[in-house]
Each structure stands twice: as structure tokens, then as C-alpha cells.
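The values are calculated or read from the model by the stated rules, or taken from the named source; none is laboratory data. For clarity, every value in this text was computed on a predicted model and none was experimentally measured. Neighbour counts are summed over all protein chains in view; Cβ atoms, including those assigned to glycine, are modelled from backbone coordinates with ideal geometry.
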Amino acid sequence: MGLFDTLLGRKKEEKPNLASILPAEVYQAGALELKDIIAPSALKISPRGLDLGEKILRSFFVISYPRFLSEEWFSPVLNMDKVFDVAIFVHPIETSKILHQFQKKVAEVESQIHEREDKGLVRDPMLDVAYQDLENLRDQLQQAQEKLFDVGLYITIYADSELELDKIENEIKGILEAKLVYVKPALFQQEQGYKSTLPLGDDLLGVHQKLNSSPLSSLFPFTSFDLTSDKGILYGVNRHNSSLVLFDRFSLENYNSVTFAKSGAGKSYLTKLEILRTLMFDTDVMIMDPENEYEYMAEVVGGRYFKISLNSEHHINPFDLPIPVADEDPANVLRSNIINLVGLFRLMMGGLTAEEDALIDRAITETYALKDITADSDFRSIEPPLMSDFELVLTGLEGGESLAQRLTKYTKGTWSGFINRPTNVDISKKLVVFSLRDMEDELKPIAMYIVTHFIWNAVRRELKKRLLVIDEAWWMMKSDDTASFLTGLVKRGRKYYLGVATITQDVGDFLKSPYGLPIITNSSIQILLKQSPTTIDNLQKTFNLTDEEKYLLLESDVGEGIFFAGLKHVAIKVIASYTEDQIITSDPGQVLAMKKAKLELEESKEPNAAATTATSTATANRA
């Protein structure tokens, strides 16, 4: 008979159901406990460390503190990108007992001071300071302003090799000793040190230093670099300590941001994610889209999508005037619009001489006057002139014939379909996208200037919380006029509750422009994602990056980088939910799969529609 048969007293041929009748002790004999699962495969204890098989570790304890501890002095250790455990044991001491000891200690120090005075020796500053500290602490203890504690601070570090372990040890010692905090390895007590740093609450080392409440508070362990606020949107996860990067751009001194990244690093993904989340906080968003990347998102959220091209059905008249707000002088509004138009014509005509510039300025003023638009006019009730009106005025001015000839392609040529008609673009939706993909490359800066100017006029018309996103902003940095206009938006936007998000992959061209650095310095939020080696040195100089931050940007994955907000910056990883990812993804594979699924869904509905039609026809015939 077998073992089971012997245990159960049954014959071999009976074949019982063992699962239902086996005794509990048979199951328990083969059961695993939790400690069997989490325990290492091997353990070797040495005087200076422990070998856990795959990892080796070493434990330390603090033996001395300086007279003063600054706030967050322990933060550089906590923020190290290493694997280690920290245990802090705080044992309260009864105030009555410690006051009795203090009385003896004060008397002892006072006696030493008097003894030196009697012998005519030079006073000892250390004794004087110790006496003052003891007296001050005794007064605070008696007044219950402070309490005293026995504090044990233990650190256990992990590494794959002895060399790496020594390197981490020296790094931690260097950080702490620079602050006059000294540590020692737990020689011949590595096992006790390791157990003390496990989450068991057992202080087996028992190496304590006395600290009162104030310096003890500086040891608070949950201090780290973070950008978490009580309002705002989620930008991503802090790669340093896994905290959430929550921030509100409208809580800073200005509402602008710049984003630099190489192609494919995730800058558009991050921008679309921010837009999607910003829309939930009653913010209007307007986007300059050079590559049709925002079309699907506009469709999903019910926004408006305008395709700007030579044959576009959407028109913007650059001579449109903004409605002055209550505190604005109409004369200044008109003058500012004329200056912007001069910049536009300088761009359209490939540059102007000083004489031509003055002639264009005069022609614009007379074109407005042709429609009875002056500084005293009510801009709401007057129809603005068109480009053809400006051409007519320019032709009638002395010396303006050649300029009018250069303008012909914009008034009678293919470009006239967009620029020489009254405005029919309505941007009253929460999300508005202007797509410039189908616009010829040489005309994109002009189109971006016209669209941006139109948006600026709308922003000045009504005070609302708005975000203007300019993707691939290097197009606007190619010309001084467009770059200057963009810089003006960045500097003046705060007055109108406007945040400008500038995004580019061509960092070199952006920083070469004399307007590039002012845009960066006037942006409270700066985001750097993965960079190429050719641009990293320029970025390091511009943003004062350390070598570690420089290499972090070179080695980052898609959606990883550094997030600057004010004086703080953290390493960030962009995260999105599944639903958000489906809306904002720019991955060609995912986009193609989604289009295919949408097409299949539409095809599957067609037979049902045909069957419904046939049924309706048959019913009608019977009737």
C-alpha cells in the first residue's frame, strides 16, 4: 500500500478522492509561508556588509551632528538616485529627568570656567558657547518650548559589487561630512543594522544622539524636489521620487511656456495632453498646427478645425481691427494695428527699404481713412478695408507702383483666395485649431503671422482665460518680423489673461534669433525633453544645466525630460490614461490602426442601413 493508503487505512484498489479527505497536516507539510517567498536565496554576513545573493549591502549610523542643522540638510541624500533604506528612530526623554542632568552639567561647565579664571588662563570659547547653549536649552525645556529625544539615524545601501558599494558609501559620506554630519559603518553589527532599517520598527543598533525638537524637525524624511501644488493639471510623474508634477501655469508671474525636444521625443504628445486637461478648467485653447496633428482631438472635443491653404474656404482679413476695451485708447489700437500690418507687408514683400517702409505706413493709414476709419471711429460699426483696397491706394501714391506690382500675387493671384476676402472664421469654441500643413513652406511664416495677429485681436476683444499653442515655432523665428510679433505676444499676453505655449524641435534656429532668448526668459514654464548631441551644449549654456542634467536629456526615453517652473525643476515622465492616449497619440502605427477600425465600423453599419431601407420600402408598398 502507498503512503496515502497507509495514512487513510484504505485498500489500494479503492482509489479515494484525496482532495476531499486528506488530513490538514498533509497539506501543511508542503505549504509555503510568506517568509519563504520573500527571503533571499542565500545570506552571508561579514564584518562590513551582507551578501544577499543578488545584492550586497552595508549599514551605517550617524555618530555626530554639528551645533546647528539647516533645513532640509538631509534632502541631498534622500534625493540620490540610488537604492538605499533609511531608518529614523526617535525615543522621547522625560523632561524632568533631563533637567536634573542639565543642572549637573551646567554646574560642571560653570565650574570649569571659574577655574580657568582663577588660574588666569585665557577664556575658552568652547566652554562659553556650551554654557550658553545649555542654559538656553534648559530654559526652553522648562517652558515646554522644546523636548529632548534620543535619535538613531541608520542607512543601508545596496549595490551589485563591492566597487559600486564603496562608491555609494563615499558619495553619502561626502554629502553628509560637508554638513559636519559624520557616519560610521556598523562593524560586526551589519545584521543588526540591516534589521534596523527593515520596516519592522526594531532599533537593534541602539546608537543614539540627543536632539531637541527644532533640529529633529530638519530630519523630516519626506522632503524632496517636487512640483506638486493643490491646483492645476497633471503634467507627469517626478522621475526622482515618483511624486506627481501638478502645476497651474496661470498661478505664475506669466502664463507662458517653451518646449524644446528633438523629433519624436514626445513634445506634441505632451502638448496635446496638457491641452486636453486644460480644457477641463474653463480655458479656451487656440492652436497653430503645422502638421495636422490636432485634427482628431478637435473632432473629439467638439472644437473647430480650420485648414489654411491657398485654396482655403476660410478667410482672414489682415485689416480687421480689434474692439478697444474700456481702458484702451482707440488711437493706440489703430496705431498698433498699422505697425503690425507694416511688419506683415515687410514679410510679404521680402523686405522693405526705409522709404518703402514709410510709404507702406502712409498707404495703410489712407486705406483705413478710405473706409472712414480714424482714431475717433467706432470700430464695431465699420467694415474694414481689404487687400485690394490697399493695392488701389498704393497705386495712387507716388513711388508706390512697384510696391503695388509686388503685391499683385496677394490680391489677384492664388493667394488672394485667403487674404483678400472678408473674415469668415469663427473662433467662439473652446478649442480652435488652424492647420497650416497644406500651405507652401515659403508662405507658412506669412500665414502664421496673419493667423496669430487675428487671434491677438480676438484676445484683446474679450478678457478670458486662454492658451495659445504655437507648434513648430521655428517657422516664426525665421523672420525678424514674425519673431518680433511672437515676442510681443509673450510679453503682453499676461495683461489679457493669455498664456503662450511655444514648441519647437529646431532649437538651433530658435536660439540663433535675437528674439529666442527673450521668449525663453519671459516663459515661467520651460520643458526640455530628449535632445540631440548637436544641440545639447547650446541648451546647457542657455538653461544652466549641470552635466548630470545634460546626460539625462541625452539618454531620456520618449516623453521624459526636465520640467522647469519658476526656480524649481524636476525630472519628469509624461503619463496619460488609455482614453487620453487614444485621443492624442501621434504614433503613425496607432493612428493607422484607429483609422482602420473606424472604417471597419462604418462598413459594418452600411448593411444594417440598407436592410432598414429595404424594410421601410416593403412596409410602404404594403401600405
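What to note about this one:
- Residue in the stretch 369-384 that is touching a residue at least 60 places away in the same chain (Cβ under 8 Å), in the same structural domain as F319 (by TED's automatic domain parsing) and under 43 Å from the mean Cα position of the chain (by Cα) present: yes
- Whichever residue in the stretch 262-287 is closer than 25 Å to T521 by Cβ and at pLDDT below 90 and, among such residues, is surrounded by the most Cβ atoms within 10 Å (Cβ to Cβ): K267
- Enumerated helices (runs of 4 or more DSSP H) restricted to the stretch 1-115, each holding at least 2 residues that are modelled with pLDDT of 70 or more, of a type in the set (A, V, I, L, M) and surrounded by 13 or more Cβ atoms within 10 Å (Cβ to Cβ): 75-78
- Residue-level check: of (1) in contact with a Leu (Cβ under 7 Å, 6 or more places away or on another chain); (2) within 30 Å of I45 (Cα to Cα), L244 misses just (2).
- Any hit, the stretch 571-579, residues being assigned by TED's automatic domain parsing to the domain that holds L244, of a type outside the set (S, T, Y), assigned to a strand (DSSP E or B) and closer than 28 Å to M477 by Cβ: yes
- Taking residues in the stretch 498-525 that are within 20 Å of L553 (Cβ to Cβ), and partners anywhere that are of a type in the set (K, R) and part of a helix (DSSP H, G or I), the pairs with Cβ atoms closer than 6 Å and at least 6 places apart or on different chains are I503/K267; I525/R249.
- For the stretch 546-568, a residue qualifies if it is out of contact with any Gly (no Cβ under 9 Å at 6 or more places or on another chain), in contact (Cβ under 8 Å) with a residue 24 or more places away in the chain and surrounded by 15 or more Cβ atoms within 10 Å (Cβ to Cβ), and the qualifying residues are S556, I562, F564, A565.
- The one condition in (1) within 46 Å of the chain's Cα centre (by Cα); (2) crowded, with 16+ Cβ neighbours inside 10 Å; (3) under 28 Å from V459 (Cα atoms) that A363 fails to fulfil: (1)
- Test: M348 is more than 20 Å from R460 (Cβ to Cβ) and surrounded by fewer than 21 Cβ atoms within 10 Å (Cβ to Cβ): no
- Hits in the stretch 167-213 - residues which are at pLDDT below 90 and assigned to a helix (DSSP H, G or I): S213
- Any hit, the stretch 432-453, residues being in contact with a Pro (Cβ under 9 Å, 6 or more places away or on another chain) and surrounded by fewer than 16 Cβ atoms within 10 Å (Cβ to Cβ): yes
- Check on V591, at pLDDT 90 or above and within 19 Å of M297 (Cβ to Cβ): no
- Selected residue (only one of S336, S388 is without any contact (Cβ under 8 Å) to a residue 40 or more places away in the chain, of a type outside the set (A, V, I, L, M, F, W, C), outside the structural domain of V558 (by TED's automatic domain parsing) and touching a Ser or Thr at 6+ places or on another chain (Cβ under 9 Å)): S388
- Scanning the stretch 315-340 for residues that are under 35 Å from the mean Cα position of the chain (by Cα) and either over 23 Å from S377 (Cβ atoms) or assigned to a loop (DSSP other than H, G, I, E, B) (or both) yields I316, P322, V325.
This table checks each residue for (1) in the same structural domain as L69 (by TED's automatic domain parsing); (2) over 19 Å from S75 (Cα atoms); (3) of a type outside the set (V, I, T); (4) without any contact (Cβ under 8 Å) to a residue 12 or more places away in the chain.
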position	(1), (2), (3), (4)
Q112	yes, yes, yes, no
E115	yes, yes, yes, yes
Y131	yes, yes, yes, no
N170	yes, no, yes, yes
I175	yes, no, no, no
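- Scanning the stretch 37-61 for residues that are under 30 Å from Q209 (Cβ atoms) and of a type in the set (D, E, K, R) gives R48, D51, K55, R58.
- Residue count for the stretch 349-370, restricted to those that are within 14 Å of D480 (Cβ to Cβ) and assigned to a helix (DSSP H, G or I): 1
- Subset of the stretch 384-413 [assigned to a loop (DSSP other than H, G, I, E, B) and surrounded by 12 or more Cβ atoms within 10 Å (Cβ to Cβ)]: P384, P385, L386, L397, G400, L407, K412, G413
- Unique match (being at pLDDT 75 or above and of a type outside the set (S, T, Y)) among A620, A576, A614, A609: A576
- With respect to the stated conditions, K119 fails to be surrounded by fewer than 16 Cβ atoms within 10 Å (Cβ to Cβ), modelled with pLDDT under 75, farther than 22 Å from L78 by Cα and of a type in the set (K, R).
- The set of residues in the stretch 482-497 that are under 22 Å from L347 (Cα atoms), surrounded by fewer than 22 Cβ atoms within 10 Å (Cβ to Cβ) and in contact (Cβ under 8 Å) with a residue 60 or more places away in the chain contains only S484.
- The stretch 78-103, residues that are out of contact with any helix residue (DSSP H, G or I) (no Cβ under 6 Å at 6 or more places or on another chain) and farther than 18 Å from K210 by Cβ: L78, N79, M80, D81, V83, F84, V86
- Answer from L127, L121 - the residue that is touching a helix residue (DSSP H, G or I) at 6+ places or on another chain (Cβ under 6 Å) and of a type in the set (A, V, I, L, M, F, W, C): L127
- Residue in the stretch 235-257 that is in a strand (DSSP E or B), in the same structural domain as G516 (by TED's automatic domain parsing), farther than 20 Å from I572 by Cα and in contact (Cβ under 8 Å) with a residue 40 or more places away in the chain present: no
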